[in-house]
Amino acid sequence: MEWILIFGVAFIFYGVIPGFGAFWVRSRWRSFRRDVIRSSQLPIFTYQDAFTIGNAGDPGEQAYRFFGTLEGIQEDNSIWLRRGNLVITADMTGQEIVLLPTTRNSNKEELIEIHEPLLQEEIPTILPWNRVSSFSEGTKVYIAGPVENEDGKIVFKAKGPKKLLLVFYDGEDTQFLKKVIWNSRHRNEYWNQFTPAALGLGSLGEMIITYYFLTTVQLRIPSILAIGAALTPVLPFIPPGFFLFILYRWLWGRARFLRAERDLIRLPLRFFPDGHLDQTVLLPTGEEYFCMQVTYFPKQELKGRGKLRSTLLDKTLSGKEPLYNWFGIRKEKDPFPGVSRDPMVENIILYGNPEELAVRCEKYAYRLELLSSLCFGSGLLLNLLLALRLLSLIIR
């Protein structure tokens, strides 16, 4: 009975609750990234659309996306957004906003896309609108969702349980999608909003169990185990297991980096759902998106158009015959992929088959996550055994 109590408390508060939070956090960011990617295939709301929404023959409600700047905030939970001469409103009642962190914009002169390390402070913040105090005028906003014509006023307004997608950001519009996909992921899912309380309650529970066991002479071994379980939250930070904890953090960061690169690689593939890259796809802008395969890196032709999207695994492909997939817009009298008017449509080159490269990144990420988990578990187990040995010498 004593053993079940000790391990049961440890399992629930050190494993189940933080584990549930980890799956919840990862799925929430995955859902946000998926929503942004889906919204990138919606038409961009333009000045011409303002005259057609709600007219005869029009259903009066369509989904659009819009890049603008904050013009003002009203007391009725409405905000005004502007882009040039076009001004629209959004009903913020019951909505959430995402604050994208400030990050470095890529150098336009660089032909190879640089992926900065993922840092904790660069995770976006999700806030309910009723907790937002104020924003400065001119803040950049990306919004996507249903649009209505309410007595001549164009309004982004959510319908049913589905909310509007609102992201406050800075920098260039052409970098918006890449920043969202790159940054919108937790640094370490195990350490989430549930973890501190769960570890604290678990440690407190084990100490209470220890106090009860110490009052009984026959329960010396369970008492030692209960003290060790109470110390479990701090054991990973004590040498010698701490060195394995550092290795765990490094490996987990590399896995996170590879998962982010996997998602970036798959971005152009959203226009080719059947996987056939030899076709031309019509975009909402009316432009034709296609993929050109070349057996050399088109350095001169790429200047002023796009970049090579590299990954950590590019070096492992160096022995193979080079094959580049170049995504962009088809234009008359231009044999090479051009730049789209849509800031969320990328002109990008990938080395090798995109889907195969994405799968390789995913497999390596899983391997690194498994290895990092083994490092963490080994360090914790090592320190726990040492702690139990020390406690057995103290408690007689």
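The values are calculated or read from the model by the stated rules, or taken from the named source; none is laboratory data. Owing to the predicted nature of the structure, the values given are computational and were not obtained by experimental measurement. Note that we place each Cβ from the backbone using ideal geometry, even for glycine, and neighbour counts take in every protein chain shown.
Restricting attention to region 341-396, which residues are in a loop (DSSP other than H, G, I, E, B), under 30 Å from L111 (Cα atoms) and of a type outside the set (A, V, I, L, M, F, W, C)?
Scanning region 341-396 gives R341, D342, P343, E346, N347, G352, N353.
Test of understanding: among Q279, Q293, Q218, Q300, which residue is surrounded by fewer than 17 Cβ atoms within 10 Å (Cβ to Cβ), modelled with pLDDT under 95, part of a loop (DSSP other than H, G, I, E, B) and not charged (D, E, K, R)?
Only one candidate qualifies: Q279.
Quick one: is L247 within 31 Å of the chain's Cα centre (by Cα) and modelled with pLDDT of 95 or more?
Yes.
Enumerate the pairs (first residue in region 364-378 and touching a residue at least 60 places away in the same chain (Cβ under 8 Å); second residue anywhere and outside any helix (DSSP H, G or I)) with beta-carbon separation below 9 Å, excluding pairs fewer than 6 apart on the same chain, so at least 6 apart or on different chains.
As it stands, the answer is Y364/L312; Y364/L313; F376/Y190, since those pairs meet every condition given.
Would you say F45 is closer than 16 Å to V155 by Cα and at pLDDT below 90?
Considered against the rule, which asks whether it is closer than 16 Å to V155 by Cα and at pLDDT below 90, F45 comes out as no.
Given the conditions (1) free of Cβ contacts under 8 Å to residues at least 24 places away in the same chain; (2) touching a helix residue (DSSP H, G or I) at 6+ places or on another chain (Cβ under 6 Å); (3) of a type in the set (V, I, T), report the number of the one that I265 does not fulfil.
(1)
Go through region 278-305 and give me each residue that's within 13 Å of Y324 (Cα to Cα) and without any contact (Cβ under 8 Å) to a residue 60 or more places away in the chain.
Result: C291, M292, Q293, V294, T295, Y296, F297, P298.
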